[in-house]
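The structure appears right after this line, and notes come after that.
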Amino acid sequence: MKADDPNIKWIEEPQLGLTGRMYLPLIVQGLTTTTKHLFGPKVTVSFPEERPLIENPLIYRGVHRLNKDEQGRVKCVACFLCATACPAHCIDIIGVESPWPDREKYPESFTIDELRCIFCGMCEEACPVDAIELTSLFDLTGRSREEMIFDKEKLLSVYDQTKDAEPMPSVRLGITPAHRGMEGQH
Amino acid sequence: MIAPLFAADVASQSPSWVASHAQQIQIALGALLAALALWLILPRASQRGRILGGVLGIVSLGLFAAQFPRLGDWLDDSMFVVLATLTVLAAAAAMTFRNPVYCAIWFALALLGTAGLFFFQGAQFLGVATVVVYAGAILVTFLFVLMLANPKGEAYYDRVSWEAWISAPAAAVMVAVLTVSLSQNVAAAPPAPQSQADLDRNILAPQHMAHLGKHLFSEYLIAVEVAGTLLLVGLVGAVAIVAADKELPGRAGATPASFTTDLGESGAGGRHA
Amino acid sequence: MMRLFLEATIKIAILIGGLMTAAAYLVLLERRVAAWVQDRRGPNRVGIPLTKISLFGLGQPLADGLKFIFKEEYTPAHVDRWLYTLAPLSILAAALATFAVIPFGSVIPPIGEGGPIPLVVAPGVDVGMVYVFALSSMAVYGVILGGWASNNKYSFLGGLRSSAQLIAYEIPLSLGILGVVLASGSLRLDTIIDQQAATGVWNILVQPLGFVVFMIAAFAESARLPFDLPEAEQELIGGYHTEYSGMRLLLYLIAEFLHMVTAAFLIAILFLGGWHLWGLTGSGDEITLFTAVLRIVVLTVKVLATIFFMMMVRWSWPRFRFDQLMSLAWKVMLPLGLVNLVAMAFVVEYRQWFAGTGTWAAVALGWVVLIGSSVGMALLAPLSSDNRPRSASEGAARQQIFS
């Protein structure tokens, strides 16, 4: 494109006043700003001693958990919707015949590879029974790859760890099994 | 003083001729070796004999150095010898390297050696001025040009020295003459210790700079002014050349891309490509 | 002779040890200040190794140094091997050698026989300031050689920019110094301090314009922001040290910080009165151990304050464009330096008018010159410069000039 192309829109520099052209007043102005910030409040969070404030833990997407129902059983019905929805293919479920009368299948094994997971929350959205959820735990570390593959027990233990701070939607919204049974009947 | 030395009576053929003319023979041999060495190590079409040249050069330097009068103090002596050797070797390297940038660096080292010699003699201002003017300004500009103009340094005329068979003997004779005159003069009349009044008048006295300034701006005022004017003329000339270039309206419709491609080719990036 | 040798060796040891430590801790200070200005906290964790004690991050320089030492000494295949190694050495050598003539205190009382010991490595170097100039011009070699030997376009551009910048700003730098030299009548740094201490009037009071010119030129000479074009990260990656790593990079970084320290020392000595502080340090040569230490402390505090100011400046203004940098040097700094020189020459020539209470007249004159020339420059040569070519022919003409 040539410099005199009619399509070029020229934007002019703002014209400085006399104080601006003298430059020294501007220097003082800039230094004042920096000095203010020098003594101003700091935004850094000193992490291990000081936990960052997560404003709404319910919508935060951290480590997964597998929810339990009132009888302490895993809520999952091994429908594979989460595994299908997962863009990173990090969920691996083995579903078997359920020993309980209220559902057909339950997961014999439920593993999530936390290293492959991208924490997008699709599994949570896909789950029809609110069995898988993302918690607000963010400092997920491990010393080996194997350690970072979470099996069912570990995911259930995450639930135990976080259920008080972040109740399940059913608990949060006060939905009892009776309600659900009625819904089913309709 | 020099003439009788070189016009040594060759006619006398007595057996003690060699013994009585040892010094002259040393000088002549040194000059001969120096010329040969320089010719060998100068960048010619063929690379052969450069190591031999280097060895010969060191031998000839030793022959010359044997002529120097001692300064008396071993510390002074060794300081001088180190600085002088450094300077001479760096200067030789500056002539003989093929890569122009390396030549410039060696030249800078030679200048630093010279500045060190000036410092050693107490001429602080000269030493510092050598560094500021030559090493700091002129040579940096040189380097600029060398790096920008011909980064590959492959042009034939850049890589070989012309007429080495003249320049090498000339340089050798020059060094020989300087050595002879220095050694003869100092040996003949070692400088007498100066009185305090002399020292105070001396340009090297404390308040060195003040003395020097007084000299420059009183006795040599016209020279200083003329030199200043000359530099000013150069500056004005440079400005005039740039200004004349600018006034030309868009010569030879260069495309906007030409700037970037030009820079790309002449940058250092292409040097080893 | 032996005594002189011993004295010089001790001073060199103190100075080099102090400077290297200072350079390491200035890196920490720089990072902390940068963090504070940006509302962060900065590196505050590293303390005593193997314990949980973190002394405000004072162990950080040690950790940094260890990291540099244990890094691989990597030489890229495409570089010019000799010059690549030589460049950082030469720049560090020049930066350290500068301190030979810079006093780091006044004098200390005599030890044994002999007079008081001046706190400068090479006392009595009469060319003082010119020596500093000579070595600062040697610093160009390290930069330009490093840039060229790296055989990398970014490095080379950084080297070229740097050498052009350093050479251009040496002129306003020397003009700023000339005013001081004129006032004190000597090029020796200790004499310059003595003169300010004797009259009690710091040079910044009499020639604020010279101070401004010198300060800006010193910023440019030490390649600090807003003049850090040689290593402008956003444009040139790392500039001339793009290809360097490990110890060689460390040498470059130390040299950079030493340039900053040199600039701070010169500003403190030339314009801020060196070790002098009214009513505290006295002014003569007859001193006790207490005043000697006090003078060292005063000078150090001034130097550190100047360095802190330089670090603040770094986060206060954006970087200049290269053509703005050059026009600032030649069109603004050069005339202002000359104006200051003429004003100083006037004060020195008619010094009988300005003696005694007339000092206030000299101070007033200095400030009038500062404000007057600043306004004059604003009216004559606005620094804002829109350099975009507005037509095809204009663009082509400019290509011709540059190519």
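A few points about this structure:
- Residue within region A:13-25 that is under 16 Å from A:Glu133 (Cα atoms) and either among the aliphatic types (A, V, I, L, M) or open to solvent by less than 40 Å² (accessible area, probe 1.4 Å) (or both) present: no
- Residue count for region C:326-346 under the criterion of being closer than 14 Å to C:Val206 by Cα, aliphatic (A, V, I, L, M) and surrounded by fewer than 23 Cβ atoms within 10 Å (Cβ to Cβ): the result is 4.
- The set of residues in region C:4-56 being of a type in the set (Asp, Glu), within 14 Å of chain A (Cβ to nearest Cβ) and either within 25 Å of the chain's Cα centre (by Cα) or surrounded by 14 or more Cβ atoms within 10 Å (Cβ to Cβ) (or both) consists of C:Glu30 alone.
- Filter result for C:Val33 (part of a helix (DSSP H, G or I) and within 23 Å of C:Gly239 (Cβ to Cβ)): yes
- Which numbered condition C:Trp82 fails, given (1) open to solvent by 20 Å² or more (accessible area, probe 1.4 Å); (2) more than 30 Å from B:Leu143 (Cβ to Cβ): (2)
- Candidates C:Ala164, C:Ala168, filtered to the one that is facing chain B (nearest Cβ under 10 Å), surrounded by fewer than 24 Cβ atoms within 10 Å (Cβ to Cβ) and in contact (Cβ under 8 Å) with a residue 60 or more places away in the chain: C:Ala164
- Residue pairs meeting the criteria (Cβ under 9 Å; at least 6 apart or on separate chains; first within 24 Å of C:Ile171 (Cα to Cα), in region B:105-133; second in a helix (DSSP H, G or I) and among the acidic types (Asp, Glu)): B:Val132/C:Glu170
- Selected residue (only one of C:Gly273, C:Gly282 is assigned by TED's automatic domain parsing to the domain that holds C:Gly179, surrounded by fewer than 23 Cβ atoms within 10 Å (Cβ to Cβ) and on the phi > 0 side of the Ramachandran plot): C:Gly282
- In the set A:Asp102, A:Asp92, only one residue is at pLDDT 90 or above and open to solvent by 30 Å² or more (accessible area, probe 1.4 Å); that residue is A:Asp92.
- Top-ranked residue of region A:59-84 - restricted to ones that are open to solvent by 70 Å² or more (accessible area, probe 1.4 Å) and on the phi < 0 side of the Ramachandran plot, ranked as nearest to the other protein chains (Cβ to nearest Cβ): A:Tyr60
The values are calculated or read from the model by the stated rules, or taken from the named source; none is laboratory data. Quantities reported herein were computed from a predicted structural model and do not represent experimental measurements. Methodologically, a virtual Cβ is constructed for each residue, glycine included, from the backbone with ideal geometry; neighbour enumeration extends over all protein chains shown. Protein only, heavy atoms only, side chains kept; ligands, DNA and RNA dropped before computing areas. Shrake-Rupley method; radii C 1.70, N 1.55, O 1.52, S 1.80 Å.
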